[in-house]
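Notes follow once the structure below has been shown.
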Amino acid sequence: MRSVLQEQARSPVVPPKAWNALDVQELRAEFPLLMRWVRGRPLAYLDNAATTQKPAVVLDALERYYGTSNANVHRGVHLLGEEATAAFELARHKVQRFLQAREPGEIVFVKGATEAINLVAQGLTRQGWFRQGDEIVLSAMEHHANIVPWQRVRDDTGARLRVVPLLDDGTLDLDAYERMVGPRTRLVAVTHASNVLGTINPIRRMVEVAREAGARVMVDGAQAAQHEPVDVQELGCDYYAFSGHKVYGPMGIGVLYGRADRLDELPPLLLGGEMIRTVTFESTTFADAPYRFEGGTPNVGGAVALGAAIDYVLGLGLEAIGAWEQSLLAYGLTQLTRIPGVRVFGQAPRRAPVISFVLEGVHAHDLGTILDAAGVAVRAGHHCCQPLMARLGVPATVRASFAMYNTTEEIDRLAAAVDSARQVFA
Ligand SMILES: *Cc1c(COP(=O)(O)O)cnc(C)c1O
């Protein structure tokens with residue numbers, strides 16, 4: 001068995017792009033879980049905004065890491081420790097390229113987007129970035145992961161939270177945003193793409209506005225990085241977070257990007273081993289970024305497998321993936337809106353392949369259960385966006401979310417099951 005590092009090194013960081021449409025049937029065969037049947041039918045997995053399924057190359061990378069090179073990193077004097085460390089750092093390089101960061105040191109491995117946002121929120125608080133009366137600007141479409149950490153900052157510092165309102169088409173009210181951002185604004189925390197409406201926010205423009213006011217910008221990229229190329233330098237944001245498991249990688253690994261100068265001044269969240277330079281009982285000096293933020297044994301296998309997922313995605317080409325997903329989105333919108341009583345939320349011109357809807361007279365959870373019985377996996381609920389649900393005036397929606405491996409046949413099954421639910425309940 002080749003070692004994990006040999007195998008990783010064999011795959012180029014940015015492989016040649018496979019342009020043209022994806023061969024979806026061929027691609028599906030690379031995802032073992034998609035072969036499953038559920039409730040007596042072939043699985044139609046349309047819950048990709050919650051988590052994506054994993055291709056064999058990712059599962060293999062995980063197994064190869066644990067089967068050949070597993071050791072603790074950054075301290076082994078032995079060969080395995082060297083291999084594990086090199087594999088971990090190679091994965092960091094892959095993420096750097098994936099996000100177009102300037103240097104690998106700007107990439108911090110964390111558990112997921114949630115931890116990344118908490119790390120920034122707690123770090124900025126400790127750094128003294130927020131004072132009484134300062135303002136943190138959020139948007140009406142944020143996931144709880146990009147709301148709750150800022151409420152703690154508010155409670156700890158006396159900063160105020162302000163919320164950019166939503167227009168009826170599911171886009172942010174950018175005029176209101178421009179009026180809201182001013183000298184008191186210290187931070188803008190905004191999602192790149194909404195996990196409910198799909199809306200892709202104009203991050204670059206929002207960053208420019210924030211920058212002019214001297215505010216920092218934290219971008220929640222959990223619904224964007226799997227659908228379109230992300231260039232953090234072009235976006236100009238200070239911090240960017242995403243979760244490996246939504247980009248075809250494993251759970252328990254995610255990324256915080258921070259501009260080098262921002263990370264240099266940010267205090268760590270987790271204190272302990274791996275993140276120190278020297279320790280006495282009197283005092284401790286911390287290691288440099290990114291290691292300062294990776295206290296404790298990191299998820300090395302997860303990082304290596306995330307590197308394999310990134311190779312896989314870049315090998316297919318995010319443009320090709322995005323184009324296919326957009327055609328699924330258009331097809332899904334057509335099929336669902338034809339059904340009487342279906343109401344779809346959001347019509348942003350630029351959106352991720354996510355459709356949130358309700359069926360008149362049927363509770364979202366009941367509809368989700370009916371779809372499950374038909375072998376169609378969707379999410380039903382508030383999608384960790386209770387404030388957005390309140391704005392939309394519904395307690396819950398059903399959400400179908402697409403990935404590279406979905407097909408129009410699966411969408412037909414979704415639409416047929418929704419239509420039969422309508423007939424039963426009508
Ligand atoms: C999934 C998601 C998160 C949280 O990601 P975790 O992997 O659960 O940490 C945050 N924001 C958005 C928009 C999401 O979709």
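Results, tabulated for the structure shown:
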{"quantity": "Which listed residue, of 196, 190, is part of a strand (DSSP E or B) and either without any contact (Cβ under 8 Å) to a residue 24 or more places away in the chain or farther than 20 Å from residue 131 by Cβ (or both)", "calculated": "190"}
{"quantity": "Number of the exception - residue 259 against (1) among the basic types (Lys, Arg); (2) more than 12 Å from the chain's Cα centre (by Cα); (3) within 11 Å of the ligand (Cβ to nearest atom)", "calculated": "(3)"}
{"quantity": "Filter result (closer than 12 Å to residue 269 by Cα and without any contact (Cβ under 8 Å) to a residue 24 or more places away in the chain) within the range 286-302", "calculated": "286"}
{"quantity": "Candidates 277, 292, filtered to the one that is charged (D, E, K, R) and either part of a loop (DSSP other than H, G, I, E, B) or surrounded by 19 or more Cβ atoms within 10 Å (Cβ to Cβ) (or both)", "calculated": "292"}
{"quantity": "Positions within the range 22-52 being assigned to a loop (DSSP other than H, G, I, E, B), surrounded by fewer than 20 Cβ atoms within 10 Å (Cβ to Cβ) and modelled with pLDDT of 95 or more, in sequence order", "calculated": "29, 30, 36, 39, 40, 43, 50, 51"}
{"quantity": "Residue in the range 17-67 that is farthest from residue 248 (Cα to Cα), counting only those that are more than 20 Å from the chain's Cα centre (by Cα) and small (Gly, Ala, Ser)", "calculated": "40"}
{"quantity": "Residue among 172, 138 that is within 16 Å of the ligand (Cβ to nearest atom), over 24 Å from residue 112 (Cα atoms) and either more than 23 Å from the chain's Cα centre (by Cα) or at pLDDT 95 or above (or both)", "calculated": "172"}
{"quantity": "For residue 185: the one exception among (1) more than 23 Å from residue 313 (Cα to Cα); (2) among the hydroxyl-bearing types (Ser, Thr, Tyr); (3) within 16 Å of the ligand (Cβ to nearest atom)", "calculated": "(3)"}
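Conditions tested, residue by residue: (1) modelled with pLDDT of 95 or more; (2) closer than 28 Å to residue 31 by Cβ; (3) within 12 Å of the ligand (Cβ to nearest atom).
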| position | (1), (2), (3) |
| --- | --- |
| 197 | yes, yes, yes |
| 218 | yes, no, yes |
| 226 | yes, yes, yes |
| 234 | yes, no, no |
| 253 | yes, yes, yes |
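The values are calculated or read from the model by the stated rules, or taken from the named source; none is laboratory data. Given the structure is predicted, the values throughout are model-derived calculations rather than measurements. Here Cβ is always computed from backbone atoms with ideal geometry, including for glycine, and neighbour counts include all displayed protein chains.
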